[in-house]
Amino acid sequence: MTRIIVTGTTLFCMFFLTGCATIMSHGPQTLPILTQPDGAECEITDVAAGKSIVKAKTPHTAALERGDGYFQKKYYDITLSKEGYVTEKVSIAPELNPWYIGNLFFGGIPGMLIVDPLTGSMWRFEEKDISVKLYPDTPEGRAARTADEQAQAEAKAKEERAQRGWQAAPR
């Protein structure tokens, strides 16, 4: 009888007092930060707190919290600078972790409303790394940066148009 109670209690706790996202992706998420060229100053700022949390040289792997309180995302600004190069700033924020949806099947209401939101595991950074090309702080370097930004914007717009065309196509 004791064995049945222990097994039942264990199974209950496993399925109803845990969160799927917490089990599958707990703790801070590591995010490599790379620049071309290497050796840039990297400063990571917690946007909500308004303070710098990391100062390092690239390449650097940062361990970043994803949650900033109950059901709140953590927002970061990453500033990359190097002598003789244009300073770049990247803003990142996590998105909903697909494992969070697993609570519908395994974690139940406590996992969905308590565990994953409190641990921040309901969020994840989509980026696998932050990779930034630094351009020389010269007229030619700034022109190359502008040209690259325009090419990226055009490629993104073309991809979006293609996606809309695909979605609008009759089946």
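Amide hydrogen proximity for Met122: with H placed 1.01 Å from N in the peptide plane, no residue at 5 or more positions away or on another chain lies under 5 Å. Sites listed here are chymotrypsin sites (Phe, Trp or Tyr not before Pro) in segment 57-158 whose DSSP assignment is loop and whose Cβ has at most 15 other Cβ atoms within 10 Å: Tyr70, Phe71, Tyr75, Phe105, Phe106.
Amide H contacts under 5 Å for Tyr85: Asp137, restricted to partners 5 or more places along the chain or on a different chain, H placed in the peptide plane at 1.01 Å from N.
Measuring between alpha carbons in the structure, the pairs from Lys51/Lys128; Lys89/Lys158; Lys51/Lys89; Lys89/Lys128; Lys89/Lys133; Lys51/Lys82 lying more than 19 angstrom apart are Lys51/Lys128; Lys89/Lys158; Lys51/Lys82.
Coordinate-derived values only; no laboratory data. A quick note: this is a predicted structure, and the numbers were derived from the prediction, not measured. As a convention, Cβ positions derive from the backbone with ideal geometry for all residues, glycine included, and neighbour counts pool all protein chains shown.
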